[in-house]
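Here's the structure, in structure tokens; my notes come after.
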Amino acid sequence: MLMQTEFLAEIVDDLPEGMIIMDEERIIHYLNKKASEMTGWKLGEKVPYCSYCQGRAVNEDENRCILTADNPIPSFNSHLAVYEGLEEFEMSLKKRKNYYVLRIQKPVQNENSERARFHELLVRETLLAQEAERKRIARELHDHIGQSVYSIFLGLEVIKQGIFDHKYQQHLFNMMNVIEKTLENIKQLTKSLRPEMIHDIGLEKSLRQAIRDWRKLYQIEIFLEMELDNEQKFDPEKELHLFRVIQESISNSVRHGQASYISIHLKTYYQYVFFDFYDNGNGFKLEAGKKKGLGLKHMYERCKMLDGDIKWLSKEGGPTRIEGFVSLIKTEGERESECNDHRRP
């Protein structure tokens, strides 16, 4: 029996992937040679939470590790703190009585991953094209349609001064009210299509302004809390994608969930921005929600494009939570696009 145990220990020690046994307090009781080489961790130390789980907002009775949640996902990619900073790993976790077996390995690069990378590039180009088209439509609305409607409004102001018949004055007054509402709708639609201020004043101020607009538009309570590193310089294009994720989340909560309260939390951790979204709406079945429409799919693809991830936690009857993280740092060599160059004519 002892020989079998030693033999199995040798096999596990020579595995090409890291194997760690830890208790419920995350104290390491065993790690094989590969895990030690990849992480620099030692027996008796605590396994750190991955960068994703460190940013999660959890309840008092909820385990921070997403791999220990109800209906856990089989594997998960995120970054772990190792002896030389942060490294990305593919991780899976199995519970055995009072212990957890954590398996870690470098993300596999194969034909499927190359296909996935090509898909991500295709998605990126599609989303950039969408943003460019939104910018063009927003410009048309503001510079042409909006200005034309405003010119009609000014013309009616002049005509009003020469009309003394009460019947026609009231009719003109009603027409001007309609035009004023139309101008306001054009303004809101232009903001929705192209929040240009992101490029001028950054994500934080832009989002606070947008929240004020959304409160007024949807007539609901929206709470926003941000803990962003003001010294961290973010790429405006990537900030816009995170803005779109939040915008889509609020739209879904109001239109489909009939939510009356929404809370949003954002905070920075290393190069990542973590977000946590909650609404008191009707909720939805996750599988059914993912199959309907493109909204959730586009949110997922935007986060993946930003080297991040997103999770939905919901059920019929509500509430709904959305949590995830993205990297907003501009990487060296990344090309400038029409989407993030607001200085172009």
Entries of 97/285; 106/315; 205/267; 46/97 with Cα pairs more than 26 Å apart: 97/285; 106/315
Describe numerically, in nm with one decimal, the distance between label points set 7 Å from Cα along Cα→Cβ at residue 145 and at residue 255. 1.6 nm
Listed here are the pairs 187/233; 94/304; 135/181; 187/216; which of them are more than 19 Å apart at the Cα? 187/233; 94/304; 135/181
The stretch 223-333: relative contact order in percent, alpha carbon pairs under 8 Å with at least 6 residues between: 31 percent
Residue separation between residue 68 and residue 160 times 0.36 nm, minus their alpha-carbon distance, gives in nm 26.2 nm
Quick check: residue separation of residue 14 and residue 179 times 0.36 nm, minus the Cα distance between them. What number comes out in nm? 51.9 nm
Out of the GluC sites (Glu not before Pro) in the stretch 221-304, which ones are loop residues according to DSSP with at most 14 other C-beta atoms within 10 Å? 231
Under the 7 Å Cα-to-Cβ spin-label approximation, residue 75 and residue 92 lie apart by a distance in nanometres of 0.6 nm
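Only the coordinates and a few stated rules stand behind these numbers; no lab work does. These numbers were taken from a predicted model, which means no experiment stands behind them. No Cβ is skipped: glycine too gets one built from the backbone with ideal geometry, and neighbour counts run over all protein chains shown.
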